[in-house]
Number of protein chains: 2
Amino acid sequence: MARNTDGLSRERIVETAVELLDSAGESGLTFRALSARLKTGAGAIYWHVANKDELLAAATDGALAGVTAAGRTPEEAIRAVAIDVFDAIDAHPWIGGQLARLTSQRTTLRILERLGQQVQALGVPAEALFYAASALLNYILGVAGQNAANARAQTWGTTRSEVIGAESELWASLDPAEFPFARAIAGQLRDHDDREQFLAGIDLIIAGIKQTSEAGTTQTSESGIK
Amino acid sequence: MARNTDGLSRERIVETAVELLDSAGESGLTFRALSARLKTGAGAIYWHVANKDELLAAATDGALAGVTAAGRTPEEAIRAVAIDVFDAIDAHPWIGGQLARLTSQRTTLRILERLGQQVQALGVPAEALFYAASALLNYILGVAGQNAANARAQTWGTTRSEVIGAESELWASLDPAEFPFARAIAGQLRDHDDREQFLAGIDLIIAGIKQTSEAGTTQTSESGIK
DNA sequence: ACCTGAACACCGTTCAAGT
DNA sequence: ACCTGAACACCGTTCAAGT
């Protein structure tokens, strides 16, 4: 490593793309901006990277490479995987948008693998494994997408708590006949913590997985053993 | 209604945008294509619609206006909401991508309201309502995003089952040391039904919500009553 | 083998000018 | 009040030409 410091390389391109995404957001990554920062021509990048989608996938893949599954129990390990993904998105909000678009199947497959191994360790019967693990993955991807959308909706000077505060007031002022629920939880929206909310959802799914698999068979039986 | 058949109107613009999205996908909606179909100038649309984001939000909102919450039990009603969203995405794949981007907060708020009312009916304690309902919403949005991504990855002539079959074979051929889980469930991936998988996830979350709220307090107590 | 940079075929959006 | 359509300021991608 550390060879070829001056010449262009896929590694250096992806690295610079991440810098651009971190500092200027999704819309900041441009082949022109990228080539300017790399002091090269716009077309040169295409020698090392097929197109923008591949570049984004590589950037996402790199940023999530460190997702592990440490924990003394399967439950803890599942939470650890989820937290790793959450923290990565927190540090690089653009990851959320990419994950939700699935352009990087390799990345989601790796996360699914980590989750699935722990779901297996939970004692879930073989025929229920796929649905259980993918429920966790889809939930994580949903939160990822929302976080990215929230980050995108901000930018213009406002802080997160200002946005949440305004949204909470909006909910509190809705028509009581049509939106009783939103009104009732407006206060919880204002005071909630994103990470706690995220983990509460993970815990609900884990609880559901454990309970359903303890019950012996799922409601949709006769589908596994044939 | 049915007035102004010839003149441009927000209604007619949104309607035509949906046609374009349905027939040509997300990339098919262009102000040039739209104005050509409406036999008007590209700039005329801006008189009725602020920009493309607003147009997409209006299209998404319209396509999901029919989401209801019919069902004899809260569980059934939650499933009904989820199925309505799933079916709408199935019919108009571009909705998934929009929902995951949250450009249409009104739409997601309405879905959250429907889900939340039923979660309330489930007997969930007040301080756990927000997390429970948003877990369901985030899961639904996650699946929505994945469906949209799958639809996007297809287009080029291949059928859904061909794509799934190829992916299943890939999983089966992965390194057993690194991807034991993916290998184990490759068959389930091949044979699974998208709707059944989606509903299985909903059921897991419902089971988790019921079990956690029956237990009296959640792990994260002391946060609600103060 | 790798890089340059002009050119191509698009975008969303604006805006003077029309009716 | 509403519409026209040329123009602006961008995009991602290609490709002849260079080294």
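The values are calculated or read from the model by the stated rules, or taken from the named source; none is laboratory data. The shown structure was predicted, so the numbers you read here are calculated from the model rather than taken from an experiment. Virtual Cβ from ideal backbone geometry, glycine too; neighbours counted across all protein chains shown.
Summary of values
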item	result
Residue within segment A:30-53 that is more than 16 Å from DNA strand C (Cβ to nearest atom), part of a helix (DSSP H, G or I) and within 14 Å of chain B (Cβ to nearest Cβ) present	yes
Qualifying residue in segment B:164-178 (condition: buried (at least 19 other Cβ atoms within 10 Å of the Cβ), facing chain A (nearest Cβ under 7 Å) and either touching a helix residue (DSSP H, G or I) at 6+ places or on another chain (Cβ under 6 Å) or within 30 Å of A:Phe181 (Cβ to Cβ) (or both))	no
Matching residues in segment A:179-202 - criterion: being charged (D, E, K, R) and facing another protein chain (nearest Cβ under 7 Å)	A:Glu196
Qualifying residue in segment A:85-97 (condition: among the acidic types (Asp, Glu), part of a helix (DSSP H, G or I), modelled with pLDDT of 95 or more and buried (at least 18 other Cβ atoms within 10 Å of the Cβ))	no
Hits in segment A:54-70 (condition: in contact (Cβ under 8 Å) with a residue 12 or more places away in the chain and either within 16 Å of DNA strand D (Cβ to nearest atom) or assigned to a loop (DSSP other than H, G, I, E, B) (or both))	A:Leu55, A:Leu56, A:Ala57, A:Ala58, A:Ala59, A:Thr60, A:Leu64, A:Gly66, A:Val67, A:Thr68, A:Ala69
Single condition B:Ala24 does not satisfy, out of (1) aliphatic (A, V, I, L, M); (2) in contact with a helix residue (DSSP H, G or I) (Cβ under 6 Å, 6 or more places away or on another chain); (3) free of Cβ contacts under 8 Å to residues at least 60 places away in the same chain; (4) within 12 Å of DNA strand C (Cβ to nearest atom)	(2)
Lone qualifier among B:Ala132, B:Ala80 - being assigned to a helix (DSSP H, G or I), surrounded by fewer than 22 Cβ atoms within 10 Å (Cβ to Cβ) and either small (Gly, Ala, Ser) or within 16 Å of DNA strand C (Cβ to nearest atom) (or both)	B:Ala80
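Here's the yes/no breakdown for (1) farther than 15 Å from A:Ala69 by Cα; (2) touching a residue at least 60 places away in the same chain (Cβ under 8 Å):
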{"position": "A:Gly123", "(1), (2)": "yes, yes"}
{"position": "A:Ala128", "(1), (2)": "yes, yes"}
{"position": "A:Leu137", "(1), (2)": "no, no"}
{"position": "A:Gln154", "(1), (2)": "yes, no"}
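For every residue, the table says whether it meets (1) closer than 23 Å to A:Asp194 by Cα; (2) more than 19 Å from the chain's Cα centre (by Cα); (3) surrounded by fewer than 22 Cβ atoms within 10 Å (Cβ to Cβ); (4) of a type outside the set (Lys, Arg).
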site: A:Val18; (1), (2), (3), (4): no, no, yes, yes
site: A:Leu21; (1), (2), (3), (4): yes, no, no, yes
site: A:Ala44; (1), (2), (3), (4): no, yes, yes, yes
site: A:Val49; (1), (2), (3), (4): no, yes, yes, yes
site: A:Lys52; (1), (2), (3), (4): no, yes, yes, no
site: A:Asp61; (1), (2), (3), (4): no, no, yes, yes
site: A:Gly71; (1), (2), (3), (4): yes, yes, yes, yes
site: A:Arg106; (1), (2), (3), (4): no, no, yes, no
